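> Next up is a structure, given as structure tokens.
The values are calculated or read from the model by the stated rules, or taken from the named source; none is laboratory data. In this text the structure is predicted, and so the values were computed from the model without any measurement. Because the Cβ atoms are built from the backbone with ideal geometry, glycine has one as well, and the counts that use them run over all protein chains shown. Surface areas here come from the heavy atoms of the whole protein model, side chains and all, with no ligands, DNA or RNA. Shrake-Rupley method; radii C 1.70, N 1.55, O 1.52, S 1.80 Å.
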Amino acid sequence: MKVLVCISNVPDTTSKINFTENDTKFDTNGVQFVINPHDEYTLTRAMWFKEKQGASITVVTIGNQSSEATLRKALAIGADDAIRVNAEATDGYFVAQQLAEVVKNGGYELVLAGRESIDYNGGMVPGMLASILDYNFVNAVIGIEVIDSKVVVSREIDGGKEIMESSLPMVLGAQKGIVQETELRIPNMRGIMMARKKPLTVVEPVEAEEMTVAQNFEKPEAKSACKIVESVDELIDLLHNEAKVI
Amino acid sequence: MSILVFAESSEGKFKKVALEVTSYGKKLAEQMQTNLVVVTAFVEDTTPLAKYGAGKILIGNSDGLKTSDAMVYADFLVAAANQENADVVIIDSSVNGVFVAPLVAAKLQAGYASNVVALPNSLSPFVVKRKAFSNKAFNNTEIKTATKVIGLAKNSFGLFENPTESSVETFSPDLPDGRVNRTSVETASGIVTIADADIIVSAGRGLKSGDNWGMVEDLVEVLGAAIACSKPVSDLGWRSHTEHVGQTGKQASSNLYIAIGISGAIQHLAGVNSSKVKVVINTDAEAPFFKSAEYGMIGDAFEIVPKLVDKLRTFKAENG
Ligand SMILES: Cc1cc2nc3c(=O)[nH]c(=O)nc-3n(C[C@H](O)[C@H](O)[C@H](O)COP(=O)(O)OP(=O)(O)OC[C@H]3O[C@@H](n4cnc5c(N)ncnc54)[C@H](O)[C@@H]3O)c2cc1C
Ligand SMILES: Nc1ncnc2c1ncn2[C@@H]1O[C@H](COP(=O)(O)O)[C@@H](O)[C@H]1O
């Protein structure tokens, strides 16, 4: 089985979010970029397919040269090879079209992506990719088993989960739950050394339309100070009469 | 020209988000001087949609809709958008909404903006404000295509009544067979879900063990709230990971969010900051959550929460 894991390169979850150039650009100054957490979960699950089912694992990102560090980390975790499509990832549909090209050229049968990137929170790339490829698709996936070409997934729904069956080829948008927290792997020295020798191919983007353009950013309004309340009676009174939420 | 809204239902009744997208659609139709069409499946009583401004209602009853394959639902919405010549398609941000919206956008060759929080800032160019960076910022995004898909963030716009004479038609486009089949569902019955809740009661590692949740459950019960937890709580197995809220968990955007023994780490706040009123109960006056909350109590949850439950029981008995 050929598995493709889509990796989005995002600011670390603790990053300070600031903007420059009249609030039109994200300020990357001092920001550490990491594998999108949801993608780290899928990559970990993919390693299981590699080790238990002999799958080959390719990681891919659409991004400029600075995103290669993140791809190298994915290789150090255990992916076999990496592809970088040399373009700025701005619009979800543009990214999905680039990924579709990679999938077609590489003949990947199972494409794993994350529920959303934690920067733009688009939640759009996996579904668009499945549409373009006409692959079967499930999102919010918290469990995957592949038996021959049958795929059984569990999907998180409001207040519970559902089990779905489908078949390869397939795109999945996955999230926390797909592996245990303790299964996440920190690259070790040997992994890092080996990663240097693994192939990282850079390809140029195909012609594709951008359907949306991010204009400028705004910060939420500053919040007024927290009211410290001394008793539960006072709290109930404030929630009822002032905030009007109970 | 028209605005098309997808009104999601569950067990024959409209979800609250369905009425919110209808409210939004109505205001957008006024702004764009066009008509609002609401498409739905399986529901017989459409009066709630008319109450929130639906002029035309399409009730889908194709056999193909009895599927759990979002691709088929996308085809259904695309057929409705084509029939109604829709300029804008509006979909909610429930688990099903975010499942189907990108598929509809790709099939319609329409630009898609998710997590939209307000009516467009301008129509030409078409610019909407959306949440980005996990609630730490907003981004104004231009949609450049002729047809547009908007994913409306939950609880961001509100409900606005706008009683309207509506026409109701059945709508039965041919749909393909689903290629993804649901084999079973597990849902806890009788609980309020994080997605639907007006009030969420959430607790963290401050509770010390998985055995101490009785008082939290009591508070949930008296408030008719949903229960939630921080990430370590689900990682430790104290609670199910379906209750985990935050950047890597569910989004909490309720009217009231009560955080008990939660420090307020940036990743936690990222998923709960869009709640309207936040209350924090924590022994540590320096806990970062106090900076994000509207109301706070500094003290021991094991003393405060049982008292709060007692007093709320009395309050509820008096105020109904
Ligand atoms: C990539 C990544 C993603 C993450 N995503 C999430 C996420 O989605 N959601 C999430 O929640 N976290 C997330 N985290 C974890 C986050 O960084 C914090 O570790 C976590 O939120 C802390 O949980 P907590 O507040 O329950 O525990 P703690 O930080 O241990 O806080 C416990 C609090 O309880 C208080 N306390 C102790 N005893 C009492 C008492 N008797 N009464 C009252 N208060 C008491 C303490 O003062 C303290 O403030 C993520 C981390 C990473 C690295
Ligand atoms: N630039 C990118 N390169 C590769 N994969 C991406 C990229 N952007 C998004 N993805 C994938 O799509 C998922 C959802 O991202 P998004 O739609 O941007 O929220 C991510 O978790 C990734 O798996």
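> Would you point out which residue out of A:Pro220, A:Pro187 is modelled with pLDDT under 95, part of a loop (DSSP other than H, G, I, E, B), open to solvent by less than 80 Å² (accessible area, probe 1.4 Å) and within 24 Å of A:Gln65 (Cα to Cα)?
Just one listed residue meets the conditions, A:Pro187.
> Considering (1) at the interface with chain B (Cβ under 8 Å from one of its Cβ atoms); (2) surrounded by fewer than 21 Cβ atoms within 10 Å (Cβ to Cβ); (3) at pLDDT below 95, say which one A:Cys226 fails and leave the rest.
(3)
> Working only within the stretch A:25-78, note down all residues that are within 16 Å of ligand 1 (Cβ to nearest atom), within 14 Å of chain B (Cβ to nearest Cβ) and in contact (Cβ under 8 Å) with a residue 40 or more places away in the chain.
Answer for the stretch A:25-78, where residues must be within 16 Å of ligand 1 (Cβ to nearest atom), within 14 Å of chain B (Cβ to nearest Cβ) and in contact (Cβ under 8 Å) with a residue 40 or more places away in the chain: A:Asn36, A:Pro37, A:His38, A:Asp39, A:Glu40, A:Tyr41, A:Thr42, A:Thr44.
> Inside the stretch B:67-114, can you point out the residues that are within 12 Å of another protein chain (Cβ to nearest Cβ), in contact with a Ser or Thr (Cβ under 6 Å, 6 or more places away or on another chain) and not in a helix (DSSP H, G or I)?
B:Ala110, B:Gly111, B:Ala113
> Something else: Please pick out the residue among A:Val125, A:Val141, A:Val206, A:Val179 that is more than 30 Å from A:Asn18 (Cβ to Cβ), surrounded by 23 or more Cβ atoms within 10 Å (Cβ to Cβ) and within 16 Å of ligand 2 (Cβ to nearest atom).
Residue meeting the stated conditions: A:Val141.
> Would a scan of the stretch B:271-288 turn up a residue that is away from ligand 2 (no atom under 16 Å from the Cβ) and assigned to a helix (DSSP H, G or I)?
So far as the stretch B:271-288 goes, yes, one or more of its residues are away from ligand 2 (no atom under 16 Å from the Cβ) and assigned to a helix (DSSP H, G or I).
> Can you go through B:Pro125, B:Pro173 and tell me which one is at pLDDT 95 or above and facing another protein chain (nearest Cβ under 10 Å)?
B:Pro125
> Taking A:Ile62, is it more than 21 Å from A:Arg190 (Cβ to Cβ) and buried (at least 16 other Cβ atoms within 10 Å of the Cβ)?
Taking the combined requirement at face value, the residue satisfies it.
> So which residues in the stretch A:66-91 are closer than 30 Å to B:Lys148 by Cβ and open to solvent by less than 10 Å² (accessible area, probe 1.4 Å)?
A:Ser67, A:Val85, A:Asp91
> Given the condition touching a His at 6+ places or on another chain (Cβ under 6 Å) and modelled with pLDDT of 95 or more, answer yes or no: does some residue in the stretch B:304-312 qualify?
Within the stretch B:304-312, not a single residue is touching a His at 6+ places or on another chain (Cβ under 6 Å) and modelled with pLDDT of 95 or more.
> Report, by residue number, each residue of the stretch B:250-280 that is within 8 Å of chain A (Cβ to nearest Cβ) and either closer than 17 Å to A:Leu239 by Cα or open to solvent by 10 Å² or more (accessible area, probe 1.4 Å) (or both).
B:Asn255, B:Leu256, B:Ile266, B:Gln267, B:Asn273, B:Lys276, B:Val277, B:Val279, B:Val280
> Filter the stretch B:128-151 for residues that are open to solvent by less than 40 Å² (accessible area, probe 1.4 Å), part of a loop (DSSP other than H, G, I, E, B) and facing chain A (nearest Cβ under 7 Å) and give the result.
B:Phe133, B:Ser134, B:Thr145
> Where residues in the stretch A:12-24 are surrounded by fewer than 16 Cβ atoms within 10 Å (Cβ to Cβ) and within 13 Å of ligand 1 (Cβ to nearest atom), which of them is farthest from the other protein chains (Cβ to nearest Cβ)?
Among residues in the stretch A:12-24 that are surrounded by fewer than 16 Cβ atoms within 10 Å (Cβ to Cβ) and within 13 Å of ligand 1 (Cβ to nearest atom), the one farthest from the other protein chains (Cβ to nearest Cβ) is A:Asp12.
> Turning to a different aspect of this structure: In a helix (DSSP H, G or I) and either within 16 Å of ligand 2 (Cβ to nearest atom) or within 18 Å of the chain's Cα centre (by Cα) (or both), is that true of B:Thr248?
So B:Thr248 fails the test.
> Given the criterion of a type in the set (Lys, Arg), closer than 30 Å to B:Phe315 by Cα and modelled with pLDDT under 95, identify the matching residue among B:Lys154, B:Lys208, B:Lys136.
So the residue among B:Lys154, B:Lys208, B:Lys136 that is of a type in the set (Lys, Arg), closer than 30 Å to B:Phe315 by Cα and modelled with pLDDT under 95 is B:Lys154.
> Residue check, A:Glu234 against (1) touching an Asp or Glu at 6+ places or on another chain (Cβ under 7 Å); (2) open to solvent by 30 Å² or more (accessible area, probe 1.4 Å); (3) at pLDDT 95 or above, all met but one. Which one?
(1)
> Another question about this same structure. Looking at A:Glu207, is it within 25 Å of A:Met128 (Cα to Cα) and of a type in the set (Asp, Glu)?
yes
> Follow-up. Among the listed residues B:Ser184, B:Ser234, which satisfies the condition of being touching a residue at least 12 places away in the same chain (Cβ under 8 Å), at the interface with chain A (Cβ under 9 Å from one of its Cβ atoms) and either in a strand (DSSP E or B) or in contact with an Asp or Glu (Cβ under 8 Å, 6 or more places away or on another chain) (or both)?
B:Ser234
> Suppose we filter A:Leu172, A:Leu133, A:Leu112, A:Leu168 for residues that are within 12 Å of another protein chain (Cβ to nearest Cβ), away from ligand 1 (no atom under 16 Å from the Cβ) and within 15 Å of the chain's Cα centre (by Cα); which single one remains?
Checking each option against the conditions leaves just A:Leu172.
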